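To keep things clear, I will list the structure first and then write my remarks on it.
FYI, it's all coordinate maths here, none of it is from the lab. This one's a predicted model, so the numbers in the text were calculated from it and none came from an experiment. Here the Cβ is made from the backbone with ideal geometry for all residues, glycine too, and neighbour counts use every protein chain on show.
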Amino acid sequence: MNRNFKRAVSLAIVSCITTVATATVNIGVLQGFTGPIESLTPMMANSAELAIKEASDSGAFLGGKKIKAIRADSTCIDSAAAVTSAERLLDSSNVVAIVGASCSGATTAVVNKVLAPKGVVGISSSATSPALSQVDDKGYFFRTAPSDASQGQVLAKIVMDKGINNIAITYTNNDYGKGLSESFGNAYKGMGGKIEINAPHEDDKADYSAEVGALSASGAKSLAVFGYVDKGGKGIVQASLDSDAFEQFVFADGMIGDSITDSMGRDLTGTFGTMPGGESDANRKWDMVAKNGGIKLGGPFLGGSYDAAAIIVLAIQAGNSTNRSDIQKNIMKVSNAPGTKIFAGELEKGLNILANGGDVDYVGATDIEFSDIGEVSGTYQEMEIKNAKFKLVKIH
């Protein structure tokens, strides 16, 4: 084998490797894989990756290019770690957009320090703080979960309709907890309810008996817990059960998960709360796609996670470009009317329409329709613990 032939073979190999590398588009999946909702995020990430796999396997994405999901941990509670993970996704993994982050505080930091300054699209399926509506995101941040400004009002009405006219509130001491406590509290008082005490709690404490003692001393028989299913919220509930402090618990989305019913569900019969979700054609189609894709339904933010990834994929196709600013320009175009409606499980159809110059209106799993600032209004599922499991009661 002569030297020129060897060189030609080497160049051919390098060319093949380069072609394979450029044929794959990376999308970041930035979730709280450790931290206060670590039992919820695996299925959220799986849901996002289900959309990515569906599009990648279709062969219709950018003329046959593949898509790879790159996971990173936002930790949920450590904003600095979330920013570092987001920067690593961009710099080391060369992702073109990000699904995430998960929790509101970490998401705010990522938007302010990474997405907006560097011009990268991020779509969160679970950051619900009302404060995020005011963040100067330069048009690069979207969310498929409705703001807690809405959830607080819905939950307050449910509580009042059940005849609970006075209540104690405890909330995790961060953007999520504060925003939800304020939204619920204002709505509840506006409906004539009385808040006996409204107190924050810190996560990662070994003992919550002092906090529960103060809450119980207020005289309220019902306790609203706006916390996390794997951290302080769960600790508050356990300490309350241990001391027989309350007759009734009220939860929001961060507290709805199997980890709490698996450990104490038999003692929480009648506990109720809300999480984003609905019961429409879009939701029913998603249920079938999720089941076929191995997604365990019942937890919050699953359909919205699928939607976040799907919207990014369709926006790339609409612009026929992986340029980050081009993706941003097409998010609204593929998510809102006019266009052919695209539901969960129909990404190949949507990709082909876009490839042929048509328009799509992505409805997805959760009836997506973005406002001018990239938010959704959404509906809520009223959930109640029956037979040690969360069960759907009603759609609001």
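For the reader, a short list of remarks on this structure follows.
- By the count of other C-beta atoms within 10 Å, a proxy for reagent exposure, Val25, Val393 are ordered fewest to most as Val393, Val25.
- Per residue, the Cα convex hull of the range 25-182 amounts to 122 Å³.
- Comparing Gly233, Gly190, Gly254 in a Gaussian network model of the chain where C-alpha atoms under 10 Å apart are linked, the largest mean-square fluctuation is found at Gly190.
- Placing +1 on the Cβ of every Lys and Arg and -1 on the Cβ of every Asp and Glu, with nothing else charged, gives the range 24-121 a dipole about its Cα centre of roughly 280 debye.
- Ordered by the number of other Cβ atoms lying within 10 Å of each residue's own Cβ, fewest first, Ser79, Ser377, Ser129, Ser280 fall into the sequence Ser377, Ser280, Ser79, Ser129.
- P(r) tail fraction, the range 164-296 - alpha-carbon pairs more than 26 Å apart, %: 26 percent
- Over 24 Å (Cα to Cα) - which of Lys194/Lys386; Lys65/Lys349; Lys162/Lys389; Lys138/Lys341; Lys68/Lys329; Lys157/Lys391 fall in this group: Lys194/Lys386; Lys138/Lys341
- Backbone HN-Hα couplings from phi across the range 258-269 [Karplus 6.51/-1.76/1.60, Hz, Gly and Pro as x]: 5, 5, 8, 6, 5, 8, 8, x, 5, 8, 10, 3
- Estimated D of the range 321-388 in µm² per second, where Rh is the Kirkwood radius over Cα pairs and Stokes-Einstein applies at 4 °C, 1.567 mPa s: 94 µm²/s
- Computed [θ] at 222 nm, deg cm²/dmol, the chain (DSSP H ≥ 4; -39,500 (n - 2.57); rounded to nearest 500): -13000 deg cm²/dmol
- Under a Gaussian network description of the chain, with springs only between Cα atoms under 10 Å, the residue in Asp262, Asp73, Asp281 that fluctuates furthest is Asp262.
- Under Stokes-Einstein, with the Kirkwood radius over Cα pairs as Rh, the value for the range 247-352 at 4 °C and 1.567 mPa s is 80 µm²/s.
- Fluctuation leader among Pro338, Pro146, Pro36 - the chain, Gaussian network, Cα springs under 10 angstrom: Pro338
- For the chain, DSSP calls about 20 percent of its internal beta bridges antiparallel.
- Whole-Å distance, taken between Cα centres, linking the range 236-315 and the range 344-367: 27 Å
- Principal-axis tilt of helix 281-292 within the chain, Cα atoms, nearest 10 degrees: 70 degrees
- Start at zero, step by 10 Å, and the Cα-Cα distances of the range 46-95 spread as 24, 38, 29, 9 percent across the bins.
- Using alpha carbons only, the radius of gyration of the range 271-313 set against its Kirkwood radius gives Rg/Rh = 0.98.
- Residue (of Gly59, Ser93, Asn26) at the positive-pole extreme of the range 21-155, dipole from beta-carbon charges: Gly59
- Helix 3-22 and the longest principal axis of the C-alpha atoms of the chain enclose an angle of approximately 30°.
- Full-extension gain in nm, Asp91 to Asp57, via 0.36 nm per residue minus C-alpha separation: 9.6 nm
- Spatial offset of the range 116-145 relative to the range 68-94 amounts to 15 Å, using the alpha carbon center of each.
- Across the range 122-209, the relative contact order, built from alpha-carbon pairs under 8 Å that are at least six residues apart, equals 30 percent.
- Normalised by the number of residues in the chain, the mean separation of alpha-carbon contacts (under 8 Å, six or more apart) gives a relative contact order of 17 percent.
- Hydrodynamic estimate: the Kirkwood radius of the chain over Cα pairs, inserted into Stokes-Einstein at 20 °C and 1.002 mPa s, corresponds to D of 99 µm²/s.
- Least to most buried among Met383, Met288, Met44 (fewest other Cβ within 10 Å first): Met288, Met383, Met44
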